Amino acid sequence: MSTDVLSADPAKNPTYYLVEDEDHHHESGGSTAIGFWMYLMSDCLIFAVLFACYGVLGRNYAAGPSGADLFDLKFVAVNTALLLLSSITYGFAMLTVGKARPGATLLWLAITGLFGVGFLAVELNEFAHLIHEGATPQRSAFLSSFFTLVGTHGLHVTFGIVWLLTLMVQVHRYGLIADNQRRLMCLSMFWHFLDVVWIGVFTVVYLMGAM
């Protein structure tokens, strides 16, 4: 066997180093994906616990207002539409990633971010209105569980918007390189996950609570 095959000198055996570098690159991307899925599963557990708490405490009004007294379903429907539209526009952004069009990707990401900000603005306005009416978290177990569940989702949307803005800067500076494509895919899964959670919130908290 030739000693050059196992040589540690890159000048004698550049192919060996190229293969080794590619292996390390794939391992890094794989570990990122595994780590992200672990994080997403932990988020699933967090929201599962919050939904369970709301299921137990959601009818304990302590002689205070109920969901039927507080919720405006038309208002919540607008908020839901904003978040669902943001999921569609993010899908358009991922389509442009596959076509290697960074300019179009940035445009759709910006539209997605605007929908996300609109969602947060409506939610914060709802919280401010409830607090103004005296429906504060400490008023009853129902309101404590409501603010905790809906507020936690809102914090996740806020984090998603910050993440989205960071990726927009990365795409603007470096283009649609492999690392940025992987990051955009991770954010895509996170964003759609938040949509699924919100559908649960809309159904369990608002629709059932308004009955």
Notebook entry, point to check: For segment 63-77, what are the residues that are within 15 Å of Ala135 (Cβ to Cβ) and exposed (fewer than 12 other Cβ atoms within 10 Å of the Cβ)?
Noted result: Ala63, Ala68
Next item on the list: List every residue pair whose Cβ atoms lie under 6 Å apart, where the two residues are 6 or more positions apart in sequence or sit on different chains, the first residue falls within segment 33-46 and is under 12 Å from Phe190 (Cα atoms), and the second residue, located anywhere, is part of a helix (DSSP H, G or I) and modelled with pLDDT of 95 or more.
Entry: Phe36/Cys186
Notebook entry, point to check: Inside segment 173-190, can you point out the residues that are of a type in the set (A, V, I, L, M, F, W, C) and either in contact with a Ser or Thr (Cβ under 6 Å, 6 or more places away or on another chain) or open to solvent by 50 Å² or more (accessible area, probe 1.4 Å) (or both)?
Noted result: Ile177, Ala178, Met185, Met189
Checklist line | Residues of segment 181-211 classified as more than 20 Å from Gly160 (Cβ to Cβ) and of a type in the set (Ser, Thr, Tyr), total | finding: 2
Next item on the list: Would you check if there is a residue in segment 115-130 being in contact (Cβ under 8 Å) with a residue 60 or more places away in the chain, over 16 Å from Met94 (Cβ atoms) and over 16 Å from the mean Cα position of the chain (by Cα)?
Entry: yes
Next item on the list: Could you check how many residues of segment 92-107 are in a helix (DSSP H, G or I), open to solvent by 20 Å² or more (accessible area, probe 1.4 Å) and in contact (Cβ under 8 Å) with a residue 60 or more places away in the chain?
Entry: 3
Next item on the list: Mind listing just one residue for me: the one in segment 54-73 that is assigned to a loop (DSSP other than H, G, I, E, B) and of a type in the set (A, V, I, L, M) and, of those, farthest from Phe146 (Cα to Cα)?
Entry: Ala63
Note to self: Of everything in segment 103-133, what is among the charged types (D, E, K, R) and in contact with a helix residue (DSSP H, G or I) (Cβ under 6 Å, 6 or more places away or on another chain)? Give them in sequence order.
What the structure shows: Glu123
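For segment 110-169, what are the residues that are outside any helix (DSSP H, G or I) and either touching a Cys at 6+ places or on another chain (Cβ under 7 Å) or loosely packed, with under 14 Cβ neighbours inside 10 Å (or both)? Walk me through how you get there before you give the answer.
The first filter runs over segment 110-169 and keeps only residues outside any helix (DSSP H, G or I), leaving 133-136, 140.
Residues satisfying the conditions are Glu133, Gly134.
Taking the conditions exactly as written (of a type outside the set (Ser, Thr, Tyr), more than 22 Å from Asn180 (Cα to Cα) and at pLDDT below 95), does Asp9 satisfy them or not? Break it down into steps so the answer makes sense when it comes.
Working: of a type outside the set (Ser, Thr, Tyr): yes; more than 22 Å from Asn180 (Cα to Cα): yes; at pLDDT below 95: yes.
When the stated conditions are applied, Asp9 passes them.
The values are calculated or read from the model by the stated rules, or taken from the named source; none is laboratory data. Keep in mind it's a predicted model, so treat the numbers as computed, not measured. As a convention, Cβ positions derive from the backbone with ideal geometry for all residues, glycine included, and neighbour counts pool all protein chains shown. Each accessible area value is taken on the protein alone, full model and side chains, heavy atoms only, with ligands, DNA and RNA left out. Shrake-Rupley method; radii C 1.70, N 1.55, O 1.52, S 1.80 Å.
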